[in-house]
Amino acid sequence: MAVQYVILLSRQGKVRLAKWFLTLSLKEKSKIVKDVSTLVLGRRTKMCNFLEYKESKVVYRRYASLFFIAGVDSTDNELITLEIIHRYVEQMDRYYGNVCELDIIFNFQKAYYILDELLLAGELQESSKRDVLRRISQQDALEEAEGDEEKFNRLGI
Amino acid sequence: MSSKRILVLGPPKSGKFTFLKELTGSTPTLSANSTSALTSAETTAEQPRPTHAGLSHTLTLSTKYFEAEVPIWIDEYDDTSDDTGIRGWATSFSSADAHEVVSALGAIIYTFRKPETLDEYVNVKSNVEREIRIIHEMLISHYESQNMEDGQDEENFDELIDWDGISLAVAIPSATAKTLSSDDKNKESIEFDAEEWETLLQPFGFEFIDIEQKGRNDYGELLGLDRIKEALETYGWDTTDEAAGARQRGILEGYDEYDSDGRHHGFGDDDDELDSDGFDQELREMQLETAALHFAMDSSSHQRDGQDGEIRQPKPLPESDIDELEQIMLRMKQVKERGEGLPLEERKKLADELADDLLRLL
């Protein structure tokens with residue numbers, strides 16, 4: 001089960017997040033993003049969530065004016081990929097609290113961190129929603145503490 | 001005031017003012033100069049309708065992340081049965097003079113009236129598609145020429161700028177719609193299939209919005225005016241083109257460590273601990289270089305001896321050289337100590353100073 005890439009695409013066709021699990025040149029990445037964006041944005045509502053692109057499969061789901069897209073190997077299970085995407089969305093919703101596109105634009109680092117807790121080298125590494133959220137909040141707490149410490153140091157306290 | 005603008009565009013009487021009233025709460029003021037000149041065709045008893053081209057207005061956006069006052073430009077082209085009206089507009093917008101205007105746009109909102117009868121429906125649909133296509137082509141050619149100007153070619157993906165603004169096509173209800181529906185029960189109500197229109201306009205990058213719709217759809221997405229506001233809020237009204245280009249590149253490369261200025265922060269740029277490692281690395285590199293120099297001086301002195309064909313004692317390095325090296329080492333140590341606990345910018349400055357000093361010493 002190897003996800004090759006995860007892309008978040010807005011309804012306006014803007015890429016809000018791109019996580020790559022294979023090594024590609026910038027040119028190749030741009031090509032994939034362009035092609036996959038055109039394919040996914042052109043889908044009608046009742047169409048299947050899976051499509052073929054070159055030698056791989058593309059699995060997508062539309063949530064709140066964002067398209068969550070995952071590229072997988074042709075031997076991978078599409079339904080499981082859909083579940084992974086759904087899990088990612090649930091995590092984000094729980095973390096941001098009713099996530100919307102603006103949240104992802106202005107707090108994109110968290111979106112990447114959550115994805116990193118979920119997927120490692122394209123494989124699902126943590127399926128527990130509770131654990132992922134716990135780790136992210138621990139991370140937040142650590143960042144806050146460091147931020148405060150930095151401020152105190154600057155002030156000379 | 002933000003640096004980018006919204007352009008509201010449409011044929012006359014397409015509901016631009018209605019739209020602006022809904023969006024901003026007020027309508028733009030008609031200036032005294034906006035009355036169109038009387039042509040021979042218009043010398044009828046009717047009053048000439050003042051053109052809405054060239055008017056401006058403002059939209060205030062307020063989100064939990066930012067607030068912005070965005071200027072709005074309103075433009076209009078002649079409503080002709082063929083494309084000449086919109087083509088004329090597109091041509092003028094493709095001219096060199098209009099280049100800056102297009103570059104200053106952050107959003108294009110195209111307005112049109114909803115058809116009232118089934119016959120009109122087909123016409124309106126094909127008109128809208130044609131006009132949106134022309135607007136889309138204008139945008140493409142603008143950015144193509146821009147990229148050529150900047151000397152970017154396809155190989156150089158880094159700074160290729162593309163239209164990254166918001167494109168919306170808004171359907172405004174016909175002004176007489178209310179009177180029709182209550183009186184004429186024989187007329188079939190037009191079913192406005194949003195999905196059909198979405199699919200129609202998507203290839204041109206335009207999102208279709210029916211301003212009469214409210215609430216959310218099956219995907220949990222906002223509809224109507226709320227969606228328009230949401231879409232406009234997702235644009236970076238205060239960023240520059242360079243930042244936007246760099247951010248596009250950053251997103252594509254999958255960097256998850258870049259800030260809102262578009263600068264990339266890799267490892268060793270932010271975190272304090274990693275930072276001192278980076279600094280150490282520079283020092284180590286310099287130490288290696290001086291060691292290499294040292295070695296080179298050694299071996300060159302060896303070579304000189306070798307050429308004489310005699311085996312001599314390796315010449316001791318002249319005192320001055322050793323002193324120099326010692327000085328260099330001391331300097332590096334000093335700078336390192338000073339550098340600890342300073343922010344990134346100053347450390348970089350220190351590193352530069354050190355490099356200069358060393359070059360001079362050597």
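The values are calculated or read from the model by the stated rules, or taken from the named source; none is laboratory data. Given the structure is predicted, the values throughout are model-derived calculations rather than measurements. Because the Cβ atoms are built from the backbone with ideal geometry, glycine has one as well, and the counts that use them run over all protein chains shown.
Quick grid of which residues meet (1) in contact with a Phe, Trp or Tyr (Cβ under 8 Å, 6 or more places away or on another chain); (2) in a loop (DSSP other than H, G, I, E, B); (3) more than 17 Å from B:P12 (Cβ to Cβ):
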| site | (1), (2), (3) |
| --- | --- |
| B:F93 | no, no, yes |
| B:A96 | no, yes, yes |
| B:F112 | no, no, no |
| B:I140 | yes, no, yes |
Taking the residues in the range A:46-61 that are crowded, with 16+ Cβ neighbours inside 10 Å and charged (D, E, K, R) as candidates, determine which candidate is farthest from B:E196 (Cα to Cα).
A:K57
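Aliphatic (A, V, I, L, M) and within 13 Å of another protein chain (Cβ to nearest Cβ): which single residue out of A:L142, A:L133, A:L82 fits that description? Let's see the steps before the verdict.
On the way: A:L133 fails: within 13 Å of another protein chain (Cβ to nearest Cβ); A:L82 fails: within 13 Å of another protein chain (Cβ to nearest Cβ).
On inspection, the qualifying residue turns out to be A:L142.
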Pull up the range A:82-95, narrow it to residues that are farther than 20 Å from A:R11 by Cα and touching a Lys or Arg at 6+ places or on another chain (Cβ under 8 Å), then point me to the one that is surrounded by the most Cβ atoms within 10 Å (Cβ to Cβ).
A:Q91
It is to be established whether one or more residues within the range A:56-73 are within 14 Å of chain B (Cβ to nearest Cβ) and among the basic types (K, R).
yes
Filter the range A:108-151 down to the residues that are modelled with pLDDT of 90 or more and not in a helix (DSSP H, G or I) and list them by number.
A:L119, A:L120, A:A121, A:G122, A:E123, A:L124, A:Q125, A:E126, A:S128
Just one of (1) touching a strand residue (DSSP E or B) at 6+ places or on another chain (Cβ under 6 Å); (2) at positive phi; (3) of a type outside the set (D, E, K, R) trips up A:A18, so point out which.
(2)
Of all helices (runs of 4 or more DSSP H) fully inside the range B:142-260, the set with 3 or more residues that are more than 9 Å from chain A (Cβ to nearest Cβ), in contact with a helix residue (DSSP H, G or I) (Cβ under 9 Å, 6 or more places away or on another chain) and modelled with pLDDT of 65 or more is B:194-201, B:224-233
Tally, over the range A:1-52, of residues that are touching a helix residue (DSSP H, G or I) at 6+ places or on another chain (Cβ under 8 Å), facing chain B (nearest Cβ under 10 Å) and among the aliphatic types (A, V, I, L, M)
10
